[in-house]
Amino acid sequence: MSNRLNEYFTTSELAKTCGVTKHTLFHYDDIGLLKPEIVNSKGYRYYSVQQCLVLDLIIVLKKAGSSLEEIKEFIQKQNTPLLINMLKEKQMDLEREQRRIARMQSILKSAIQMTEEATKELQNTPKILECEAESFIVTPLNIGDGDKEFAKKLSEHRDYCEAHYIDHEFPIWTIISKGQFQSGNYYPEYMANKVNTPIPEDMMLIKPAGLYAVIDHKGSYDSMPQTYSVINNFIASKGMNISGNVYALELLTYWTEKNPDDYKIRIYVQVSH
């Protein structure tokens, strides 16, 4: 028997050969995934060469994202069509993960650009800028919802974008309609993210190209009406009219600043002569 065992791997030998730990092999034994072919009277485990190949299969499938339960089920029913189906599923999973990673890389890139831009000097006095058209994915808000409901809608908005792999820029925008803004009600009607790829039309809002009165607000959300008053007076002094929505771009908020008094929000009001 001892000579025959020379043809088998001990637990340590198999672990070293396949690049796993002895603990891993003990665990696979415990769950019935890979039980040693021989266990002697002293409790020593011995694995055959064939089991070394099975372990190689387990390692590959695990790296591809298969759970131990999935691998165990496959090994129990092992056949070529089943392997093909399993590998195709894992290929699709990996493609989805690649899309998720690419999306997050894009979001992080825009977050870095936004934060670096926001550290520049404040635009304390309003001015008129010519702006290009921009597209947004939006989630509607209800007037009077309050901060708690806003937080819920923000979570829903992020979950939808993630589930549908919406490639958007990092900053959150809020949008107020012309009529609501002129009435003095500054609670936003939409939260939004800027997108560069097509999305369902019912989720999309276009910020038109044209002239905008622009100013940077420094301070908490609660103090924004003061800045809105400043930009309203500026528009009137220029003999111009508010002709479209009001857009607020969050440059520095709770992501970067602990004190709300240090928030920085850029406001765009569409105007015309």
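The values are calculated or read from the model by the stated rules, or taken from the named source; none is laboratory data. The shown structure was predicted, so the numbers you read here are calculated from the model rather than taken from an experiment. Because the Cβ atoms are built from the backbone with ideal geometry, glycine has one as well, and the counts that use them run over all protein chains shown. Just so you know, the surface numbers come from the protein's heavy atoms only, side chains and all, with ligands and any DNA or RNA stripped out. Shrake-Rupley method; radii C 1.70, N 1.55, O 1.52, S 1.80 Å.
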Leading residue by the ranking (nearest to the chain's Cα centre (by Cα)) among those in segment 181-216 that are among the small types (Gly, Ala, Ser) and open to solvent by less than 10 Å² (accessible area, probe 1.4 Å): ALA192
Residue ID - nearest to the chain's Cα centre (by Cα), chosen from residues in segment 219-253 that are part of a helix (DSSP H, G or I) and of a type in the set (Ser, Thr, Tyr): TYR221
Which numbered condition ILE143 misses (of (1) open to solvent by 60 Å² or more (accessible area, probe 1.4 Å); (2) among the β-branched types (Val, Ile, Thr); (3) part of a helix (DSSP H, G or I); (4) within 30 Å of PHE181 (Cα to Cα)): (3)
Breaking point among (1) in a helix (DSSP H, G or I); (2) open to solvent by 50 Å² or more (accessible area, probe 1.4 Å); (3) of a type outside the set (Ser, Thr, Tyr), for LYS42: (1)
Among the candidates ARG99, ARG103, residue that is touching a residue at least 12 places away in the same chain (Cβ under 8 Å), open to solvent by 90 Å² or more (accessible area, probe 1.4 Å), out of contact with any Gly (no Cβ under 8 Å at 6 or more places or on another chain) and more than 22 Å from THR174 (Cβ to Cβ): ARG99
Residues being open to solvent by 60 Å² or more (accessible area, probe 1.4 Å) and under 20 Å from MET191 (Cβ atoms) - total across segment 109-140: 2
Positions within segment 49-66 being touching a helix residue (DSSP H, G or I) at 6+ places or on another chain (Cβ under 9 Å) and free of Cβ contacts under 8 Å to residues at least 40 places away in the same chain, in sequence order: VAL54, ASP56, LEU57, ILE58, LEU61, LYS62, ALA64, GLY65, SER66
Near pairs, Cβ below 9 angstrom, 6+ apart or cross-chain, from segment 6-23 (assigned to a helix (DSSP H, G or I)) to any residue that is open to solvent by 60 Å² or more (accessible area, probe 1.4 Å) and among the β-branched types (Val, Ile, Thr): ALA15/THR21
Given (1) of a type in the set (Ser, Thr, Tyr); (2) assigned to a loop (DSSP other than H, G, I, E, B); (3) free of Cβ contacts under 8 Å to residues at least 12 places away in the same chain, number of the condition THR256 does not satisfy: (3)
